[in-house]
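Data block below; observations after.
Here, each number is a calculation from the coordinates, and none is a lab measurement. These numbers come from a predicted model, not from an experiment. Backbone-built Cβ (ideal geometry, glycine too); neighbour counts: all protein chains shown.
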Amino acid sequence: MGKLGDDEFGRMLAAILRENDVSDEGVTFDTGACTALAFVTLRSNGEREFMFYRNPSADMLLMLAELNLDLIRRIYISMRESFGIGRKSSIMDL
């Protein structure tokens, strides 16, 4: 579940999910923002360096009204049945 830019990279990421039998039902697309990018490089001393392109990116613009609450509730029920979680999660209050 999340938000991608309505761009080539965002569409590619959603397609990769589907190609790997992962539902993209909770993915939304933003026509006014780009998909976030992260670049990881390895410095000569072995330390990783992270660079992010978020100006702002679509994931930063995800609004509560865009969430598929039915999907969230179904996931909670599935997790509860699979793992025996008995407490009510705050996510159910959405």
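Give the peptides 14-24, 52-62, 37-47 in descending order of average Cβ contacts within 10 Å, highest first. Spell out each step's value before the answer.
Numbers: 14-24: 10.8, 52-62: 14.3, 37-47: 8.2.
So the peptides 14-24, 52-62, 37-47, ranked by packing, come out 52-62, 14-24, 37-47.
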Given backbone amide H placed at 1.01 Å from N, residues whose amide H is under 5 Å from that of Lys3, ignoring those fewer than 5 places away on the same chain, are Thr28
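Once R0 is set to 35 Å, what does the formula 1/(1 + (r/R0)^6) return for the Cβ-Cβ distance between Phe39 and Asp70, expressed as a FRET efficiency to the nearest 0.05? If you can, show how the numbers build up before the last one.
Working: r = 36 Å, r/R0 = 1.02.
Taking R0 as 35 Å, the efficiency between Phe39 and Asp70 is 0.45.
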Summed over the other residues with a beta carbon less than 14 angstrom from that of Leu13, with K and R at +1 and D and E at -1, the charge totals -4
Residues whose modelled amide H sits under 5 Å from the amide H of Cys34, counting only those 5 or more places away in sequence or on another chain, are Ala58
